[in-house]
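Notes follow the structure.
The values are calculated or read from the model by the stated rules, or taken from the named source; none is laboratory data. For clarity, every value in this text was computed on a predicted model and none was experimentally measured. Here the Cβ positions follow ideal geometry from the backbone for every residue, glycine too, while neighbour counts run over all protein chains shown. Protein only, heavy atoms only, side chains kept; ligands, DNA and RNA dropped before computing areas. Shrake-Rupley method; radii C 1.70, N 1.55, O 1.52, S 1.80 Å.
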Amino acid sequence: VQLQASGGGLVQAGTSLRLSCAASGRTFSSVTMAWFRQAPGKEREFIAAINWSGRSTYYADSVKGRFTISRDNVKNTVYLQMNSLKPEDTAVYYCAADLLGRLGLSSPSPYDYWGQGTQVTVSS
């Protein structure tokens, strides 16, 4: 599975942004997809995950109620809708795939494939 993240940019606090992660490979519809982020000088942080069908999701407390993960298995794409953005949301955002289809994994290490990252900068 190859992943290509896009949609980042510079936005003002309180606004919204939608990230996309396009996947190639026939196994996309069977894997769990997730979003992580990494701010300068900090460890990579789990944001959200979605199971293969899209019916189950899992969020970090820091974004619950503001961010929504979704997927389109026809387009082989996973999305992260980010609302009410805050300056502390500034980071490089990465999408990741878990080929075993597990949900609830907040550590980066179990994920098999990663996108290249897209920068999100939220100004106050």
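Among the residues of the stretch 69-85, just one is open to solvent by 50 Å² or more (accessible area, probe 1.4 Å) and touching a strand residue (DSSP E or B) at 6+ places or on another chain (Cβ under 6 Å), namely Gln81.
Residues in the stretch 11-44 that are farther than 16 Å from Pro108 by Cβ, part of a loop (DSSP other than H, G, I, E, B) and open to solvent by less than 70 Å² (accessible area, probe 1.4 Å): Ala13, Gly14, Thr15, Ser16, Gly25, Thr27.
Give me a count of the residues in the stretch 1-38 that are basic (Lys, Arg) and touching a strand residue (DSSP E or B) at 6+ places or on another chain (Cβ under 6 Å). Please lay out each step first, then the result.
Of the residues in the stretch 1-38, the ones basic (Lys, Arg) are 18, 26, 37.
Remaining after also requiring touching a strand residue (DSSP E or B) at 6+ places or on another chain (Cβ under 6 Å): 18, 37.
Number of matching residues: 2.
Leu80 falls short of the stated requirement of being assigned to a loop (DSSP other than H, G, I, E, B) and aliphatic (A, V, I, L, M).
Checking the stretch 94-113 against the condition returns no match, with no residue being closer than 29 Å to Val11 by Cα, in contact with a helix residue (DSSP H, G or I) (Cβ under 7 Å, 6 or more places away or on another chain), open to solvent by less than 50 Å² (accessible area, probe 1.4 Å) and outside any strand (DSSP E or B).
Could you tell me whether any residue of the stretch 45-68 is in contact (Cβ under 8 Å) with a residue 60 or more places away in the chain, open to solvent by less than 30 Å² (accessible area, probe 1.4 Å) and either under 21 Å from Pro108 (Cα atoms) or not in a loop (DSSP other than H, G, I, E, B) (or both)? Don't jump to the end; show me each part of the working.
We begin by selecting, within the stretch 45-68, every residue in contact (Cβ under 8 Å) with a residue 60 or more places away in the chain; these are 46.
Now narrow it down to the ones that are open to solvent by less than 30 Å² (accessible area, probe 1.4 Å): 46.
With either under 21 Å from Pro108 (Cα atoms) or not in a loop (DSSP other than H, G, I, E, B) (or both) added as a condition, the list becomes 46.
Yes, because at least one residue in the stretch 45-68 is in contact (Cβ under 8 Å) with a residue 60 or more places away in the chain, open to solvent by less than 30 Å² (accessible area, probe 1.4 Å) and either under 21 Å from Pro108 (Cα atoms) or not in a loop (DSSP other than H, G, I, E, B) (or both).
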